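Novice: Mind having a look at this structure? Questions to follow.
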Amino acid sequence: MSDRTRWGILSTGSIAATFAEDLRLTPDAELAAVGSRSPESAERFAARHGAARAHGSWQALADDPGVDAIYVATPHSAHYEASMLALRAGKAVLCEKPFTLAVAESEEMVRTARASGVFLMEAMWMRCIPAIRRMGELVRDGAIGDPVSVHADFGMQGPFPETSRLRDRKLGGGALYDVGIYPVTFAHLFLGAPASVQAWARMSAGGVDENTGMLLGYESGALAALSCSLLGDSARTGAVTGTLGRIDVRRDFFHPHGFTLSRGGETEEFELPYEGHGYQFEAAEVQRCLREGLTESPLVPLDETLDILRLLSQISGIIGLDYSS
């Protein structure tokens, strides 16, 4: 393929609009097309964001020969159908997090992509943010010694009405899969998969988690204390503590513009500012992989995506969160 990546966006909601805006900041990216089950919605989105073509069905977008990669921006419950359609059409796929609500469906997506040699990546944009990547480098290089704990929280101010997508169990609502996936992923970046999982949640009348706490234990002796909520605006901070120092991430730890490294009684500020919302970095990672002929991203590995989804499924079982019916 050429150095220029022709993007298609599947769905026309708010997150699709944010991605389209940040795509303007991505070198060698072109918004070629948008697809929606509503032709009118697709046409409005295309006009607003400068897409060359508007398709009135997901299949038409997947079949568009002028599209190299498709960003799947539907609600969680439709990720599997939309992603499989694009993968079977041979299109590279960047699928919003979480891949799916059922681990088996995510595993099938990965098998399909690997069997056909088609690129697939979860749109866990946090992992692509420059400050998060720099933190990972510092921890791997031993800047804080051996990690012993991770703390992270993500709470949003309610109240969200029962009609909100965030509270709709059929659309994958609840705190855990919408915002809890961020602190869980943050912990996984530095500690890997836990050996022990404890969790508690307040459940809504509609059967989704409103306020969830998680305590993860690791074979190394490390621990992670994490929380997520639809009831209150938490500090949204993150911290990684090691035997020699600590890294603190300010407000909105999942897309920070910097962080503080503390060790030996001294602190060092790291500033890594950027324009836009930060979605351009995940788009750039997809484009880099496609240029290099990779079908999986080493920055957002599929095996780790599946590990985190299995962990979310385990937590769901503990707190009684069930999307199967």
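Novice: Could you name every one of the strands (runs of 3 or more DSSP E) located completely within segment 117-217 that has at least 1 residues being acidic (Asp, Glu) and open to solvent by 20 Å² or more (accessible area, probe 1.4 Å)?
Specialist: On the way: elements: 120-123, 147-155, 196-203, 209-217.
Here the list reads 147-155.
Novice: Further, regarding this structure: With Tyr279, Tyr218, Tyr323 as the choices, which residue is hydroxyl-bearing (Ser, Thr, Tyr) and over 25 Å from His76 (Cα atoms)?
Specialist: Details: Tyr279 fails: over 25 Å from His76 (Cα atoms); Tyr323 fails: over 25 Å from His76 (Cα atoms).
Testing whether each residue is hydroxyl-bearing (Ser, Thr, Tyr) and over 25 Å from His76 (Cα atoms) leaves just Tyr218.
Novice: For segment 230-241, what are the residues that are open to solvent by less than 10 Å² (accessible area, probe 1.4 Å) and small (Gly, Ala, Ser)? Explain how you work it out, then say what you get.
Specialist: Here is the first cut: in segment 230-241, the ones open to solvent by less than 10 Å² (accessible area, probe 1.4 Å) are 230, 238, 240.
Answer for segment 230-241, where residues must be open to solvent by less than 10 Å² (accessible area, probe 1.4 Å) and small (Gly, Ala, Ser): just Gly238.
Novice: State yes or no: is Ser313 in a loop (DSSP other than H, G, I, E, B), under 23 Å from Val179 (Cα atoms) and in contact (Cβ under 8 Å) with a residue 12 or more places away in the chain?
Specialist: Criteria not met by Ser313.
Novice: Taking the condition open to solvent by less than 60 Å² (accessible area, probe 1.4 Å), in contact (Cβ under 8 Å) with a residue 24 or more places away in the chain and over 22 Å from the mean Cα position of the chain (by Cα), does Ser227 pass?
Specialist: Details: open to solvent by less than 60 Å² (accessible area, probe 1.4 Å): yes; in contact (Cβ under 8 Å) with a residue 24 or more places away in the chain: yes; over 22 Å from the mean Cα position of the chain (by Cα): no.
Answer is no for this residue.
Novice: Please count how many residues of segment 274-310 are assigned to a loop (DSSP other than H, G, I, E, B), open to solvent by 20 Å² or more (accessible area, probe 1.4 Å) and in contact (Cβ under 8 Å) with a residue 60 or more places away in the chain.
Specialist: Of the residues in that region, 9 qualify.
Novice: Could you tell me whether any residue of segment 231-246 is touching a strand residue (DSSP E or B) at 6+ places or on another chain (Cβ under 7 Å), without any contact (Cβ under 8 Å) to a residue 40 or more places away in the chain and of a type in the set (D, E, K, R)? Give the steps one after another, and end with the answer.
Specialist: Step one: filter segment 231-246 for residues touching a strand residue (DSSP E or B) at 6+ places or on another chain (Cβ under 7 Å), giving 231-246.
Remaining after also requiring without any contact (Cβ under 8 Å) to a residue 40 or more places away in the chain: none.
The answer is no; no qualifying residue exists.
Novice: Hey, among the residues in segment 48-58 that are in contact with a strand residue (DSSP E or B) (Cβ under 8 Å, 6 or more places away or on another chain) and in a helix (DSSP H, G or I), which one's farthest from Gly13 (Cα to Cα)?
Specialist: The residue in question is Trp58.
Novice: If you take the residues of segment 76-96 that are modelled with pLDDT of 95 or more and open to solvent by 30 Å² or more (accessible area, probe 1.4 Å), which of them is nearest to Glu108 (Cα to Cα)?
Specialist: The residue in question is Tyr80.
Novice: Scan Ala62, Ala54 and give me the residue that is among the small types (Gly, Ala, Ser), over 29 Å from Arg167 (Cα atoms), free of Cβ contacts under 8 Å to residues at least 60 places away in the same chain and surrounded by 23 or more Cβ atoms within 10 Å (Cβ to Cβ).
Specialist: Exactly one of Ala62, Ala54 is among the small types (Gly, Ala, Ser), over 29 Å from Arg167 (Cα atoms), free of Cβ contacts under 8 Å to residues at least 60 places away in the same chain and surrounded by 23 or more Cβ atoms within 10 Å (Cβ to Cβ), namely Ala62.
Novice: Out of segment 19-40, which residues are part of a helix (DSSP H, G or I) and open to solvent by less than 20 Å² (accessible area, probe 1.4 Å)? Working first, answer last.
Specialist: At the first step, the residues of segment 19-40 found to be part of a helix (DSSP H, G or I) are 19-23, 39-40.
Scanning segment 19-40 gives Phe19, Ala20, Asp22, Leu23.
Novice: Those residues that are assigned to a helix (DSSP H, G or I) and of a type in the set (Lys, Arg), I need them from segment 67-113; list them, please.
Specialist: Residues of segment 67-113 that are assigned to a helix (DSSP H, G or I), as a first pass: 76-88, 103-113.
Residues satisfying the conditions are Arg88, Arg111.
Novice: From the residues in segment 246-273 that are in contact with a Gly (Cβ under 8 Å, 6 or more places away or on another chain), assigned to a strand (DSSP E or B) and open to solvent by less than 10 Å² (accessible area, probe 1.4 Å), which one is farthest from Glu296 (Cα to Cα)?
Specialist: This residue is Leu261.
Novice: Here is a further query. So Thr74 ticks every box in (1) in contact (Cβ under 8 Å) with a residue 60 or more places away in the chain; (2) more than 19 Å from the chain's Cα centre (by Cα) but one. Which box is left unticked?
Specialist: All conditions pass for Thr74, except number (2).
Novice: Hey, another quick one. Looking at (1) touching a residue at least 24 places away in the same chain (Cβ under 8 Å); (2) part of a loop (DSSP other than H, G, I, E, B), which is the one condition that is false for Ala16?
Specialist: (2)
Novice: Also, I was wondering about something else. Out of the residues in segment 1-28 that are more than 15 Å from Val93 (Cα to Cα) and small (Gly, Ala, Ser), state the one that is farthest from the chain's Cα centre (by Cα).
Specialist: Among them, the one singled out is Ser2.
Novice: Still on this structure, I have one more. For segment 218-238, check the following and say yes or no: at least one residue is in a loop (DSSP other than H, G, I, E, B), at pLDDT below 95 and out of contact with any helix residue (DSSP H, G or I) (no Cβ under 9 Å at 6 or more places or on another chain).
Specialist: Here is the first cut: in segment 218-238, the residues in a loop (DSSP other than H, G, I, E, B) are 218-222, 230-237.
Still in the running and at pLDDT below 95: none.
No: segment 218-238 contains no residue that is in a loop (DSSP other than H, G, I, E, B), at pLDDT below 95 and out of contact with any helix residue (DSSP H, G or I) (no Cβ under 9 Å at 6 or more places or on another chain).
The values are calculated or read from the model by the stated rules, or taken from the named source; none is laboratory data. Just so it is clear, the model here is predicted, and its values are computed rather than measured. All Cβ positions, even for glycine, are placed from backbone atoms using ideal geometry, and neighbour counts span all protein chains on display. Ligands, DNA and RNA are excluded from the accessible area calculation, which covers all protein heavy atoms including side chains. Shrake-Rupley method; radii C 1.70, N 1.55, O 1.52, S 1.80 Å.
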